[in-house]
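Visitor: Let me give you the structure first, and then I'll get to my questions.
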Amino acid sequence: MSDKTTHFGFQTVAEELKEKKVAEVFSSVAQKYDVMNDLMSFGLHRLWKHFTIQVSGVREGDRVLDVAGGTADLSLAFAKKVGRSGQVWLTDINHAMLARGRDRMIDHGLAMPAAQCNAEKLPFPDDWFDCVTVAFGLRNMTHKDVALAEMRRVLRPGGRLLVLEFSRVWKPLSPLYDLYSFKLLPWMGEKVANDAESYRYLAESIRMHPGQEELKALMEQAGLSRVDYFNLSAGVVALHRGYKI
């Protein structure tokens with residue numbers, strides 16, 4: 001084991017351990033993931049994802065990669081956009097989450113490809129996708145810079161990367177948001193998913209994730225151009241967009 005460390009929530013852990021610990025979190029919550037998303041966001045996650053689809057500019061015939069796509073909310077919406085002539089790939093590093101997403105796609109009558117893979121080592125050729133998205137997954141990745149560079153690599157010139165992620169809430173709301181995050185969220189996780197610790201990690205991981213300007217800089221350092229972002233719900237969530245030029 002190397003001496004390199006990273007954060008897992010507020011803990012400091014060896015880099016090699018983070019992937020395993022994140023996997024344990026999502027394997028634990030996979031069955032209740034969609035229910036908890038609705039509860040903890042008061043249904044707003046559906047609006048955030050709808051906005052992402054609209055901003056994406058995806059059209060019929062496009063190729064789309066949904067990184068860390070979990071239970072396939074975005075993949076299902078993109079499938080309607082690209083039509084029969086397009087292609088949507090659902091990927092996730094976690095088998096339990098990917099299985100939920102694959103089953104949902106089948107339930108919707110869609111034979112879309114799904115691949116279990118690490119976002120830091122995407123198994124796709126250069127310059128392949130018109131659009132790459134990652135929704136609520138980047139903050140769980142050990143080397144965010146590597147993952148962003150990989151997502152840029154598989155984009156075709158002119159393609160765009162969309163990162164939907166928790167961010168820095170408007171400062172006057174911080175005390176209320178902290179109370180919700182560290183008290184109510186673990187309580188809901190315990191009552192609904194029988195897992196308070198995973199939702200405590202969620203709250204902590206949000207605080208450790210780069211804010212709006214920091215993530216914009218990371219995307220630019222990964223080689224993306226014309227990076228901008230949209231604050232949603234007073235900055236609880238931000239949608240970042242960058243292009244491969």
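The values are calculated or read from the model by the stated rules, or taken from the named source; none is laboratory data. Owing to the predicted nature of the structure, the values given are computational and were not obtained by experimental measurement. Backbone-built Cβ (ideal geometry, glycine too); neighbour counts: all protein chains shown. Side chains included, ligands, DNA and RNA excluded: accessible areas come from the protein's heavy atoms. Shrake-Rupley method; radii C 1.70, N 1.55, O 1.52, S 1.80 Å.
Visitor: Can you tell me which of Gly137, Gly189, Gly158 moves the most in a GNM of the chain? Springs connect C-alpha atoms under 10 Å apart.
Guide: Its mean-square fluctuation being the largest, the pick is Gly158.
Visitor: Still on this structure: Below 10 angstrom from the Cβ of Ala203, what's the summed charge of the other residues (Lys, Arg +1; Asp, Glu -1)?
Guide: +1
Visitor: Cα centroid distance between the range 71-149 and the range 162-213, in Å?
Guide: Answer, in whole Å: 24.
Visitor: If packing is taken as the average number of other Cβ atoms within 10 Å across a peptide's residues, how do 103-109, 61-67, 203-209 rank, most packed first?
Guide: Details: 103-109: 13.3, 61-67: 23.4, 203-209: 17.9.
The most tightly packed comes first, giving 61-67, 203-209, 103-109.
Visitor: So which lysines pass the test for Lys20, namely a Cα distance under 27 Å, with those fewer than 8 places away in the same chain ruled out?
Guide: Answer for Lys20, where 27 Å is the Cα cut-off: Lys4, Lys32, Lys121, Lys144, Lys183, Lys191, listed by chain and number.
Visitor: Let me ask another. Mind ranking Phe10, Phe42, Phe129, Phe26 by accessible surface for me, highest first, 1.4 Å probe?
Guide: Greatest to least solvent exposure: Phe42, Phe10, Phe26, Phe129.
Visitor: Within the chain, what percent of beta bridges assigned by DSSP are antiparallel, to the nearest 5?
Guide: Numbers: 17 of 34 bridges.
Within the chain, antiparallel bridges account for around 50 percent of the total.
Visitor: Sticking with this one: Per DSSP H run of at least 4 residues, take -39500 (n - 2.57); add these up for the chain, divide by its residues and hand me the 222 nm value, nearest 500 deg cm²/dmol.
Guide: Taken over the chain, the calculation gives -13500 deg cm²/dmol.
Visitor: With a 10 Å radius around each residue's Cβ, average the other Cβ atoms per peptide and rank 46-55, 144-153, 69-78, highest first.
Guide: Going from most to least packed, we get 69-78, 144-153, 46-55.
Visitor: Roughly what would the spin-label model give for Gln116 and Lys21, points 7 Å off Cα along C-beta, in nm?
Guide: The answer from the label model is 2.3 nm.
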